[in-house]
Amino acid sequence: MESLGKLLVESAIILNYPAEDAAGVVSALGEKLYEAGYVKETFVEAALAREKSMPTGLPLLGDTNAAIPHTDVEHVIKAGVALATLPQPVIFHNMAIPDEQVEVKLVFLLALDQPKTQITMLQEIAGVLQDPDLIEKIMQIEKPEDVLGYVSEATK
Amino acid sequence: MVGKKNILVACGTAIATSTVVAKAIEEALYDRGISVNMRQCKASEVPSLADDADLIVTTTPVSVDRDIPVIQTLAFLTGIGKEEVIEQIVDALKD
């Protein structure tokens, strides 16, 4: 089983990213996954299109809301997760109520090649989303390598 | 004695979100001694697959023109209101 700690791509972790908008974050993270060989050239555009028609913003329990953009498997080379923390929120739309805006400061961009083998990682992301204290700690991390260590430890 | 109930779990791409939701429902119901058949699909596939379902659980809006209960929830991702939603699901599966 592939865990979140294993699937997070260190070169695709962007901390305190001064993003202008949601598309900017998805593009920046998608570019990193592309450069690292995880996704095809079509991935960013596909993720942006999917976000428009079926948004992934999630209002959470704590002060920080998250989004989990992703797209169809055909744009993915191998499974990986990119992560961004944002000092200023950007607007995503609510997965359940697409007309509603969600101010997001934590973004997990998911490159998934097959759903079943990544269930552990997906459950761990859901676990992170459901834990406001853990999110606040992730928001304060300054070095990408520390995110890997922290998440691996926290999701054990 | 009736057979296992069928739950159709829908999300945008049928890859990420519905995988988490399906697994969470399966575990929550298993803890209550209820065994179900789960099937995942894209929101756009719901109209063609709804016939076989006893309950539809979805994260994104879906259109269903049949008399099947639909529960739309983000609780299995966000944790907010999860217990209530599990109760709703249990109720919806009762005959």
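Derivation of every value follows stated rules applied to the coordinates shown; laboratory data play no part. Note that the structure is a prediction, hence the values are computed from the model and not measured. Reconstructed Cβ throughout: ideal geometry from the backbone, glycine too, with neighbour counts over all protein chains shown.
What the table shows:
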item: In Hz, Karplus ³J(HN,Hα) per residue of region B:78-95 (6.51, -1.76, 1.60; θ = phi - 60°; x = Gly, Pro); result: 9, x, 6, x, 4, 4, 4, 5, 4, 4, 4, 5, 4, 4, 5, 8, 6, 6
item: Max mean-square fluctuation residue, GNM over chain A, Cα-Cα springs under 10 Å, options A:Ile135, A:Ile13, A:Ile119; result: A:Ile119
item: In Hz, Karplus ³J(HN,Hα) per residue of region A:22-39 (6.51, -1.76, 1.60; θ = phi - 60°; x = Gly, Pro); result: 4, 4, x, 5, 4, 5, 4, 5, x, 4, 5, 5, 5, 4, 7, x, 8, 9
item: Spherically averaged projected area of the protein assembly as shown from its Cα convex hull (nm²); result: 13.0 nm²
item: Surrounding net charge for B:Ile25, when Lys and Arg each add one and Asp and Glu each subtract one, Cβ distance under 15 Å; result: -2
item: For B:Ser18, B:Ser48, order by how many other beta-carbon atoms lie within 10 Å, fewest first; result: B:Ser48, B:Ser18
item: Amide H partners (placed H, <5 Å) of B:Gln40, local residues excluded; result: B:Val9
item: Likely footprinting exposure, B:Lys23, A:Lys137, A:Lys156, fewest C-beta neighbours within 10 Å first; result: A:Lys156, A:Lys137, B:Lys23
item: Gain on full stretching of the segment that runs from A:Asp146 to A:Glu41 - 0.36 nm per residue minus C-alpha separation; result: 34.9 nm
item: Cα centroid separation, region A:85-139 to region A:141-155 (Å); result: 16 Å
item: Length added when fully stretched, A:Glu100-A:Gln88, from 0.36 nm per residue minus Cα-Cα; result: 2.4 nm
item: Sequence-distant residues sharing a close amide H with B:Thr58 (under 5 Å, placed H); result: B:Ala10, B:Ile71, B:Gln72, B:Thr73
item: Cut-off 10 Å between beta-carbons: net charge of the residues surrounding A:Gln123, Lys and Arg +1, Asp and Glu -1; result: -1
item: Region A:4-154, relative contact order in percent, only Cα pairs under 8 angstrom and at least six apart counted; result: 30 percent
item: Amide proton proximity set for B:Lys5, modelled H, under 5 Å, gap of 5+; result: B:Asn37
item: Overall Cα dimensions of region B:5-93, principal axis frame, Å, largest first; result: 31, 24, 17
item: Beta bridges by DSSP in the protein assembly as shown, antiparallel share as percent, to the nearest 5; result: 35 percent
item: B:Ser63-A:Ala49 pseudo-label distance in nm [points 7 Å out on the Cα-to-Cβ vector]; result: 2.1 nm
item: Candidates B:Thr19, B:Thr60, B:Thr78: whichever shows maximal mean-square fluctuation once chain B is modelled as a Gaussian network with Cα springs under 10 Å; result: B:Thr78
item: Qualifying GluC sites (Glu not before Pro) in region A:3-45, DSSP loop, other Cβ atoms within 10 Å at most 12; result: A:Glu20, A:Glu41
item: Candidate lysines for bridging to A:Lys78, where Cα separation is under 21 Å - those fewer than 8 sequence places away on the same chain excluded; result: A:Lys6, A:Lys32, A:Lys40, A:Lys116
